[in-house]
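Notes for the one structure printed next.
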Amino acid sequence: MDISLGPTVPSSPAFARREIARDAAEGVARGGPPAQAVLSATGKAAGRRPGELSDEEKRQVEQLKKRDREVRAHEQAHLSAAGQYAIGGARYTYATGPDGTQYAVGGEVEIDTSEIRGDPEATARKMEQVRRAALAPLNPSPQDLRVAAEASQTEAKARAEASDKHAGEAHRHEGGSPCPLCAAERYSTSATSASAGPLISVSA
């Protein structure tokens, strides 16, 4: 099963445009000039050369550059920690800045979180790595935290199964049949696990 890990902020290009528009509106609310007046004061009226950015546009570009760095660092942290369980590379969503450059404003990394059938110890090790990958960024998103919690649940379940398996092997008689006490312990453990209900499924 695959899941996607990503930053906390919306990843649509429209998000960056809405933020830019909101910043301009807040400038007016704070008593600043409307957007048209800003452009007029810093554009032709001020002798601005073609292609030269206004002060407001330069501020927007700096915001987009900062967001781009944060997004790429976030996704790279996921990738580095996920190792062989990462499916492909990071996927980014872009917004075009006033300077015509595309900046990453959102992203995700897809990670394989399926259990390894018949090998609870390997499953436990895999879930441990998935959990580390989910929590690798400095500021894990709510989705990252959810994936980490589910990986911890699966890891604990797998370690319990591995422990039960080893206990059964240690108590086998020389003839190869398990001892009655060990069989009773396994039955009790299975019944308890079944009553707890299934784990929450992780989906893409």
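Throughout, read-outs are computed from the coordinates displayed, never taken from laboratory work. Here the structure is a predicted model, which means the values were calculated and not measured.
Pull up the cross-link candidates among the lysines for residue 157, meaning alpha carbon to alpha carbon under 23 Å and not fewer than 8 places away within one chain.
126, 165
Taking every pair of Cα atoms in the stretch 85-165, average 1/r, invert it to obtain the Kirkwood radius, and report Rg/Rh to two decimals.
Taking Rh as the inverse mean 1/r over Cα pairs, Rg/Rh reads 1.17.
Can you give the three extents of the C-alpha atoms in the stretch 46-85 along their principal axes, from longest to shortest, in whole Å?
55, 14, 8
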